[in-house]
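Taking it in order: structure first as structure tokens, then the write-up.
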Amino acid sequence: MESRICINPSILNANFNDLENEIAKVSEVSDFLHLDIMDNIFVPNFTFDLKKAFEIISLSKLPVDSHLMISNPDEIAPLYAENGSASVTFHFEAATDVGKTVSNIRSSGSKVGLAIKPATQLNEIEKWIEKIDMLLIMTVEPGFGGQSFMQDQLEKVSQARTIIERFPKNKPNLQIDGGVSLETIGDAARAGANCFVAGSAVYKADNPAEMVSSLRKFAQANYRF
Ligand code: DX5
Ligand code: ZN
């Protein structure tokens, strides 16, 4: 399958008291809703418990990718798959048994994403790339929205794209998350990312839907793979 651009808004910095409306603002123009799940252990911040997360998944008109920044993904990730998350992304650094977690998510009916923090090197996870649907390279330290894009992660993005392009088919998506904006998305697309999470850029914009479309335009103009 040929990689294509996807723009996935994160509701981390949206208004949590009016999520249905916040999600509706971007539903027509986005690919996935990016749902950040933090447990205050793997990262120093907390977002939603299971009950609230599953409520958000069911009210979203967009398919949901749950980004699990939690310390026990082996146990919890399959629950997200069973509760309607179209894709479940867990952190390599937190998993005890990556292979088992990949297959548990898949057998519960969801696509599988594997995420790495800025300090994690590609060679640590290279063997998993052919087994997943998406590789997520964090371009900030996970935990908070509104941080600056880490330019030094682009080399990793570019190496990951080289690896993925060697696959004859079933190329996983290559996503970045953190500090994505009109200023940074072009460089990331040129390096080979084809999926982009954007939180504050979208929800701080006067018109979130227009911002999603502009981000997509900039990504498309710079992506050459
Ligand atoms: C950070 C989260 C991100 C966050 C991105 O740990 O994983 O998804 O919402 O926010 P921005 O786009 O503001 O960097
Ligand atoms: Zn995220």
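The values are calculated or read from the model by the stated rules, or taken from the named source; none is laboratory data. Bear in mind that the values here come from a model prediction, so they are computed numbers and not experimental data. Quick reminder, even Gly has a Cβ in these numbers, built from the backbone with ideal geometry, and neighbours come from all protein chains shown. The accessibility values were calculated without ligands, DNA or RNA, using every heavy atom of the protein model including side chains. Shrake-Rupley method; radii C 1.70, N 1.55, O 1.52, S 1.80 Å.
Placing dummy labels 7 Å off each Cα toward the beta-carbon, the span from Glu75 to Thr162 is 4.1 nm.
Averaged per residue, the chain has 44 square angstrom of accessible surface, using a 1.4 angstrom probe with ligands and nucleic acids left out. Modelled label positions at Ser58 and Asn207, each set 7 Å beyond Cα in the direction of Cβ, lie 3.5 nm from each other. Report summary: the helix-based calculation at 222 nm, which adds -39500 (n - 2.57) for every DSSP H run with n ≥ 4 and divides by the residues of the chain, gives -10000 deg cm²/dmol.
Atom-type composition of the exposed protein surface of segment 80-225 places 46 percent of the accessible area on carbon and sulfur (1.4 angstrom probe). Between Asn222 and Asp97, the modelled labels are 4.1 nm apart [label points 7 Å from Cα along Cα→Cβ].
So which of Lys25/Lys204; Lys117/Lys156; Lys111/Lys204 end up more than 19 Å apart by C-alpha? Exceeds cut-off: Lys111/Lys204. Note on the chain: with charges restricted to the Cβ of Lys and Arg (+1) and Asp and Glu (-1), its dipole about the Cα centre is near 720 debye. Local charge for Ala94 was computed over the other residues whose Cβ lies under 13 Å away, with Lys and Arg +1 and Asp and Glu -1, and equals -4.
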